[in-house]
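Working notes for the structure below.
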Amino acid sequence: MKFALDEINRNPTLLSNLTLGLQVYDSCAGIHQELDGTFKMLTGQKQGVPNFFCKKLPPLSSVIGHSTSTFSILNAQVLGLYKYPQISYVASSSILSDKTLFPSFFRTVPSDAFQSMGLAQLVLHFGWTWVGLLAVDDEYGKQGIQVIRQELLRGGACVAFTEYIKTNDLDNISHVTKTIKGSTVKAIVSFTKDFDKIILLEEMLRQNVTGKVFVASEAWAISNLLTAAKYSSLLSGSIGFSFHTSTILGFAEFLTVLHPFNNGEDLWTRIFWENAFGCELFDHANLTGLWNNSKLCTGNESIEGIKNVFYDVLSLNDAYNTYNAMHVIAQSLHDMRTCQESKGLFDNGRCIDIQHFKPWQLSHYIQNVKVKLSNGRELFFDQNGDPPAIYDIINWHMNTDGTTRQVKVGSYDTTQVNGNRFLINTSALIWAYGHKEVPVSVCTESCLAGFRKVLRKDLPVCCFECVLCPLGEISNRTDSLNCFKCPWDEWPNTKKDRCLQKNKEFLSFEETLGAALSATGVLSSLLPFSIFGLFMCYKNTPIVRANNFSLSCLLLMSMSLCFLSSLAFIGYPQAEKCLLRQVAFGTIFTLCVSCILAKTFMVVFAFMATKPGSSVKRWARPRVSYMIIAFSCIIQLVLCISWIAIATPFPAENTLTQPGIIIVECNEGSPTAFWCMLGYLGLLATISFLVAFLARRLPDSFNEAKFITFSMLAFLSVWVSYIPASLSSTGKYTVAMEVFAILSSSWALVICMFFPKCFIILFRPDMNSKQHLIRNLKYDT
């Protein structure tokens, strides 16, 4: 205050030809002394008399103080009645922002409401969502911690516990310590004072509590009482707020040249000297009779040699704010003095005579003052008498000797309009035990992408379980509450954090299964042609002539087409392929089976025609067999044409049958039509089987009935087995099952119908003779 006072009085541009002075009253940390000093200032007498003002000149312009909120509230209640402006340099209670209760109160430090919100934002800034709260059990602690709690909850964090410290209750201190030790939280916001903190720290040391990070309020963030080595294991790495400070230009030099022997009767310099060096000046010691028991000041003491943070001009928060309060008053008086008529702050632009102003008039000027500070910032007051809220962020580092020191690592500035209020030098941050990584304080680790959060019963929202997204759903960010379905043509990757294009599946010529089936079909189709060639070579032999050569040739051609029809089911299902493949399969197999059916009937008709007087002889003609074939095929063609006309098969992309895969398949249009077509084919085979079975013992050297019986039995067995197999398979394997059934049934027909004849032709030519035929006929007769 003395430095600021001298600086103002020496400034020719500020209150020129006017001198500021000061009166100092010591409250002695007592309420009664505080009120008595306030009334003495107001009265202007040695005795404080309410409602009387006996002092004439010089006027008392304003009051600076008190340093604590409790006493400042007392002062403000009294001074508010007189409308005397009061500026505190430390009091930060949010109650003092109420202008209806304290109309003339101002301060050069922010309200605790700003600090509480800032501390909560600091916690959220480091990602701490599982937090413990500690507060001293008084108005300061209760109000501050309540705002912090609200801000944390609003920001999505959870509070594990809220405990209040009662310094005179050892049971309470023990309980609070046990709560801290038993909790899983790593970050604890401590809205306390340094003395309360010491009591708690002692108990924490006794109970061996470690691994916690304290977030400090300004009341202990720069306290020297807590820097002892015994507390370093608990406080190293702590982070918190302190009131913003800056270098006071010239103050270091002012302290350096300060000397009690150079300042005459300056009482304040003498008191400062004795306190700084812990000694007594000779005349003062002689006067009090204490010099025999006290260290005498020699005058050779050096301010520069003091290793005390109280005289580190970079750490003098209270001094910086007091210096600003002095300049606020000086600038307000200067604005009042330099007021130009018609441009004043009162009615009609009226100005006030600085020699005869009222206290409330100066309060009006203070409310509107703007002071340019040495660091380039501007100090002003909002409607509540609060300055811009700016805090220094302090980090506690461990020294080599085990003690701790407070290091400024950033700032919190509410005046930033872009929302980036935090400015933190992360490289300067050091946490407990010298670690550089930010500690983690969460109830549950974040759920990775691909998982969703499921809240745990009876626990806060920060305590949850991570559940893998269900089939077909993803979550593409951490801590997702829900999983989302992929588009119909996409599917989650293995981590379920993004959707990928689904693979399209169909029975392809390029894959092993498709290639094997297609190769089998092509090669198998050559076998009937080979047999056909063999029959052409031996067409005049009895075994070929006895089995209707032309009908056998037609049957062989149809069998070759049966093998080739399987190729229509392999490859990408195109519209034309879907339209014709089942029709081609049904028609070709109907031709094949109807040929066998015709052969069967011709065997029966031929035997019956040999009986004397038989009328069946005309049915044994070749054209009857062609009529049977034509009639059977026409019925199948009518069924197939009706199917195509009413429910046309078409290509479709099936995304429901097999998750993660688009099955490109032919939608048959009408399953009923498909099964009718297949059922009709089965009907023809069944009739052939029954007729052949009944005719298997007819006397004929080359009777085909028994071969037809086996061929139809194999054919029906294959297709009856196909039905459950196709119903139980999916995707390309359903198509593969039908292709396999086509090839198997075709092979069954070829083997049962023609392999015995080929064997006789190639390996038993003696059986393929007219003599053998006649001998067998006689034997049968």
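Numerical summary
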| item | result |
| --- | --- |
| Mean Cβ neighbour count within 10 Å, used as a protection proxy, ranking 660-666, 636-642 highest first | 660-666, 636-642 |
| Alpha-carbon Rg/Rh ratio, for the chain, with Rh computed the Kirkwood way | 1.45 |
| The chain, dipole about Cα centre (Lys/Arg Cβ +1, Asp/Glu Cβ -1), debye to the nearest 20 | 5680 debye |
| Cβ-derived FRET efficiency at R0 30 Å, His125 paired with Leu448, nearest 0.05 | 0.85 |
| By accessible area with a 1.4 Å probe, ligands and nucleic acids excluded, highest first: order of Cys463, Cys28 | Cys28, Cys463 |
| Set of aspartates and glutamates with alpha-carbon distance to Lys193 below 12 Å, sequence-local pairs under 8 removed | Asp137, Asp138, Glu218 |
| Cβ-Cβ FRET estimate between Leu101 and Ser728, R0 fixed at 56 Å, reported to 0.05 | 0.10 |
| Greater than 27 Å apart at Cα, pairs in Lys46/Lys370; Lys372/Lys408; Lys178/Lys453 | Lys46/Lys370; Lys178/Lys453 |
| Measure of compaction for region 316-455 (Cα Rg per 2.2 N^0.38 Å) | 1.66 |
| Two-site label geometry, Leu523 and Gln501: point separation in nm, points 7 Å out along Cα→Cβ | 3.6 nm |
| Qualifying aspartates and glutamates (Cα of each under 16 Å from Cα of Lys40; at least 8 residues distant if same chain) | Asp26 |
| Charge context of Lys295, other residues only, Cβ under 11 angstrom, K/R +1, D/E -1 | -3 |
| Environment charge at Asp382 (Cβ cut-off 12 Å; Lys +1, Arg +1, Asp -1, Glu -1) | +1 |
| Accessible surface of the chain [probe 1.4 Å, protein heavy atoms]: carbon and sulfur percent | 59 percent |
| Exposure of Cys443 as accessible area (Å², to 10), given a probe of 1.4 Å and all protein chains | 40 Å² |
| Order by protection proxy (mean Cβ within 10 Å, highest first), peptides 725-738, 128-141 | 128-141, 725-738 |
| Solvent exposure of the chain as accessible area per residue, Å², 1.4 Å probe | 50 Å² |
| Label point distance in nm, Asn9-Thr478, each placed 7 Å from Cα along Cα→Cβ | 6.1 nm |
| Sites Leu455 and Phe422 - FRET efficiency at Förster radius 30 Å, r taken between beta-carbons, to 0.05 | 0.50 |
| Trypsin sites (Lys or Arg not before Pro) lying in DSSP loop within region 456-534, provided at most 16 other Cβ fall within 10 Å | Arg456, Lys457, Arg477, Lys495, Arg498 |
| Proximal aspartates and glutamates relative to Lys502, as straight alpha-carbon distance under 13 Å, when same-chain residues fewer than 8 apart are discounted | Asp489, Glu490, Glu653 |
| Low-density loop cleavage sites - trypsin sites (Lys or Arg not before Pro) in region 35-124, where at most 10 other Cβ are within 10 Å (DSSP) | Lys46, Lys56 |
| Average Cα contact separation per residue, region 113-206, under 8 Å, 6 or more apart, as relative contact order % | 35 percent |
| Charge sum, other residues only, whose C-beta stays under 13 Å from Asn324's C-beta, Lys/Arg counted +1 and Asp/Glu -1 | +1 |
| The chain: antiparallel DSSP beta bridges as a percent of all, rounded to 5 | 55 percent |
| Area accessible to solvent at His334, 1.4 Å probe radius, in Å² | 40 Å² |
| Solvent-accessible surface (1.4 angstrom probe) belonging to Met536, in square angstrom, nearest 10 | 80 Å² |
| Peptides ranked, highest mean first, by Cβ atoms within 10 Å: ranges 688-694, 237-243 | 237-243, 688-694 |
| Rough spin-label spacing in nm, given labels placed 7 Å along Cα→Cβ, for Asp171 and Arg545 | 12.6 nm |
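The values are calculated or read from the model by the stated rules, or taken from the named source; none is laboratory data. These figures come from a predicted structure and were not determined experimentally. Every residue, glycine as well, gets a Cβ built from its backbone with ideal geometry; the counts of neighbours run over all protein chains shown. Keep in mind that these areas ignore ligands, DNA and RNA; they rest on the heavy atoms of the full protein, side chains included. Shrake-Rupley method; radii C 1.70, N 1.55, O 1.52, S 1.80 Å.
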